[in-house]
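These notes concern the structure reproduced below.
The values are calculated or read from the model by the stated rules, or taken from the named source; none is laboratory data. Remember, it's a predicted structure, so these values are computed and weren't measured experimentally. As a convention, Cβ positions derive from the backbone with ideal geometry for all residues, glycine included, and neighbour counts pool all protein chains shown.
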Amino acid sequence: MAAVTFEGATRTFPQSERPAVDGLDLTISDGEFMVVVGPSGCGKSTSLRMLAGLEPVSSGRVCIDGVDVTGRRPRDRDVAMVFQSYALYPSMTAGENMAFALKNLGVDAAEIRTRVAEAARILQLEDLLDRKPARMSGGQRQRVAMGRAIVRDPKVFCMDEPLSNLDAKLRVSTRAEIAALQKRLGTTTVYVTHDQTEAMTMGDRVVVLRDGRLQQIGTPTELYERPVNTFVAGFIGSPSINLLDRVPVRDGRAVVAGSLQVPLPVTATGSDSVTIGIRPEGVDVTGAGTSGADDRLTARVVRVERTGAEIFALVQPVGLSAGVGHRGDHLVVRLDKRLGVEVDAELALRVRLDEALVFDREGVALR
């Protein structure tokens with residue numbers, strides 16, 4: 001196990017207008033499960049490949065266990081990679097795939113058998129060791145790919161969207177297996193994904209990237225409750241947060257509507273308008289709990305999505321203050337499945353003011 005450090009790590013591709021990864025400063029603790037998340041093209045996979053040695057570092061450096069490995073070959077970094085595509089040899093059995101890297105390293109045959117058997121036991125692959133990839137399911141292939149990494153007993157696991165080729169149900173069960181396995185092994189793990197649900201459910205901490213730059217790093221709860229800007233607020237959480245722009249400020253309150261006025265933090269002093277973030281789950285139908293006079297919003301239902309366990313109402317707010325606009329075609333409200341919500345109905349909503357988020361006109365959080 002080892003700590004990992006990116007110190008101003010930058011990767012610029014030839015003929016590119018901007019760096020794919022721009023001055024990344026990040027410290028990953030020994031034994032930590034760190035998830036790197038962001039939209040396509042944000043630099044998350046490039047960052048992982050710089051750590052593994054599969055992508056050169058244009059400037060800055062990468063350290064493993066306090067040692068600068070920037071110029072070292074991948075094989076000399078003691079890092080094991082789990083790829084999105086599994087990258088298994090089709091002509092080899094599961095056991096042979098898992099043993100292949102150890103054979104190349106000259107490990108004793110008896111030691112190889114011991115390591116493969118132990119990894120197979122951990123991943124419940126004992127009955128598949130003599131089976132070739134073509135006769136395995138996607139989940140089984142992914143476990144073999146993980147077994148190939150485990151047998152090396154590396155300092156760091158690098159996982160590049162390992163679940164993206166699995167169906168939705170299998171992704172849920174496999175991500176739980178990966179998280180539990182990492183806790184058991186205690187190996188420092190850097191896990192890349194574009195799926196914020198994976199990030200929130202698996203990581204000890206989560207790094208959010210955008211256009212090659214680090215936006216925020218923190219625990220899943222910190223990113224959800226205290227995002228540093230509207231990008232992080234919109235990326236973390238499903239369904240996405242509702243953002244209302246150009247909300248006028250009067251007497252220390254953001255006046256979304258006459259009946260919805262959000263108290264502002266001291267840092268908003270001097271602002272004439274702000275952006276207000278309201279999560280779909282931060283809204284109730286009027287009558288739920290106690291409330292004051294400034295937490296109400298009327299909205300017309302334009303669509304209803306029922307998932308079985310809950311209802312998502314897509315609504316258009318009524319009576320917003322002049323100039324206020326919302327991002328997207330509608331707001332989303334999460335409601336109790338027992339409510340009889342119909343299209344074109346008007347809902348009297350109560351917003352939990354203590355959960356509303358406030359951002360300045362540049363999208364930076366005000367606290």
Where a residue in the range 350-361 is under 16 Å from VAL274 (Cα atoms) and its partner, wherever it lies, is among the polar types (S, T, N, Q) and not in a helix (DSSP H, G or I), with Cβ under 6 Å and at least six apart = PHE359/THR275
Would it be correct to say that ARG75 is basic (Lys, Arg), assigned by TED's automatic domain parsing to the domain that holds ALA101 and crowded, with 16+ Cβ neighbours inside 10 Å?
-> no
For the range 193-259, please list each of the helices (runs of 4 or more DSSP H) lying entirely inside it that holds at least 2 residues being more than 22 Å from LEU24 (Cα to Cα) and in the same structural domain as GLY41 (by TED's automatic domain parsing).
-> 196-202, 220-225
Are any of the residues in the range 356-365 aliphatic (A, V, I, L, M), within 23 Å of GLU225 (Cα to Cα), at pLDDT 95 or above and surrounded by fewer than 17 Cβ atoms within 10 Å (Cβ to Cβ)?
-> yes
Any residue in the range 159-170 that is more than 30 Å from GLY66 (Cβ to Cβ) and crowded, with 19+ Cβ neighbours inside 10 Å?
-> yes
Here the residues within the range 35-64 that are of a type outside the set (A, V, I, L, M, F, W, C), out of contact with any helix residue (DSSP H, G or I) (no Cβ under 7 Å at 6 or more places or on another chain) and not in a helix (DSSP H, G or I) are PRO39, SER40, GLY41, GLY43, PRO56, SER58, SER59, GLY60, ARG61
Index of the failed condition, ASP127 passing every other in (1) surrounded by 15 or more Cβ atoms within 10 Å (Cβ to Cβ); (2) over 17 Å from ILE150 (Cα atoms) = (1)
Subset of the range 238-289 (residues that are farther than 12 Å from LEU353 by Cβ, among the hydrophobic types (A, V, I, L, M, F, W, C) and surrounded by 18 or more Cβ atoms within 10 Å (Cβ to Cβ)) = ILE241, LEU243, LEU244, VAL247, VAL249, VAL255, ALA257, ALA268, VAL274
If you check every pair at least six apart or on different chains, which have Cβ atoms under 9 Å apart with a residue in the range 221-240 that is farther than 14 Å from ILE278 by Cβ first and a residue that is assigned to a loop (DSSP other than H, G, I, E, B) and charged (D, E, K, R) second?
-> ARG226/ARG367; ASN229/GLU362
Can you tell me how many residues in the range 245-290 are over 29 Å from the mean Cα position of the chain (by Cα) and not hydrophobic (A, V, I, L, M, F, W, C)?
-> 18
Looking at the range 65-74, is at least one residue in a helix (DSSP H, G or I), over 25 Å from the mean Cα position of the chain (by Cα) and not β-branched (Val, Ile, Thr)?
-> yes
